[in-house]
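The values are calculated or read from the model by the stated rules, or taken from the named source; none is laboratory data. As the structure is a prediction and not an experimental result, all values here were calculated from the model. Methodologically, a virtual Cβ is constructed for each residue, glycine included, from the backbone with ideal geometry; neighbour enumeration extends over all protein chains shown. With ligands, DNA and RNA removed, areas are computed over all heavy atoms of the protein, side chains included. Shrake-Rupley method; radii C 1.70, N 1.55, O 1.52, S 1.80 Å.
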Amino acid sequence: MNLFFDDGLVPGTLIHREDCAGATGSAFLRRVFFVSDRIMLSQIREITGIDGTTLQNWTRRGWVGTPSARKYDSEQLARILILNMARGCMRLDRIVFLVSYVNGRIFDPSD
């Protein structure tokens, strides 16, 4: 079986790959955080297409780390992109279990 899905977007975002020179993963995050080490909720909404209440709900539930001074860092954005990417094919509680199983505790950067 060959499963391949390519819609031309950076996974978890609304950004086309050709608009960021094909960058994905850490290269994409480096491009997003090139100017500043933190971004605001409105910028995350533009990147992902997720509404603010959903992002705040994910933060309240502990699925995304709490922003510092209302700004998110690259690790928090990466977690948001993973949740957003996978929610099209899995329930959120299963996604959170999977990410926690693979990555450990959300507030522990050593994992």
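If the condition is being open to solvent by less than 40 Å² (accessible area, probe 1.4 Å) and assigned to a helix (DSSP H, G or I), then the range 68-93 contributes Gln76, Leu77, Ala78, Arg79, Ile80, Leu81, Leu83, Asn84, Ala86.
Of all residues in the range 94-104, those satisfying the criterion of being loosely packed, with under 15 Cβ neighbours inside 10 Å and either touching a Lys or Arg at 6+ places or on another chain (Cβ under 7 Å) or not hydrophobic (A, V, I, L, M, F, W, C) (or both) are Arg94, Ser100, Tyr101, Asn103, Gly104.
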